[in-house]
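The values are calculated or read from the model by the stated rules, or taken from the named source; none is laboratory data. Predicted model, so just to flag it, every value in this text is computed and none were measured. We place every Cβ from the backbone using ideal geometry, glycine too, and count neighbours over all the protein chains shown. The area values use the complete protein model at the heavy-atom level, side chains included, leaving out ligands, DNA and RNA. Shrake-Rupley method; radii C 1.70, N 1.55, O 1.52, S 1.80 Å.
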Amino acid sequence: MYVVAVVMAVSSALFYVAGQHQLGSVGADVCQYGSLFCDKPHYMMTGAVLAGLWGKFVSMR
């Protein structure tokens, strides 16, 4: 679950940068397919935090 949380956090950063128009033509392609996440990247970050918390909750140690 930690891997999912990290992937979602990196995706959130990618969508944030693409939404700020700092990736050039690649950013336009990213925002074309994920326009909701380019407008509101905190949705993806919230999912990453929840996935991390869930991974912590169910970890066996």
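The number of residues in segment 1-34 that are surrounded by 13 or more Cβ atoms within 10 Å (Cβ to Cβ) and of a type outside the set (A, V, I, L, M) comes to 8.
Listed by position, the helices (runs of 4 or more DSSP H) enclosed by the chain that each have at least 2 residues that are among the aliphatic types (A, V, I, L, M) are 2-19, 25-33, 42-58.
You will find that of Val58, Val49, the residue that is out of contact with any strand residue (DSSP E or B) (no Cβ under 8 Å at 6 or more places or on another chain) and modelled with pLDDT of 95 or more is Val49 and no other.
Scanning segment 50-61 for residues that are in contact (Cβ under 8 Å) with a residue 24 or more places away in the chain and open to solvent by 80 Å² or more (accessible area, probe 1.4 Å) turns up just one, Trp54.
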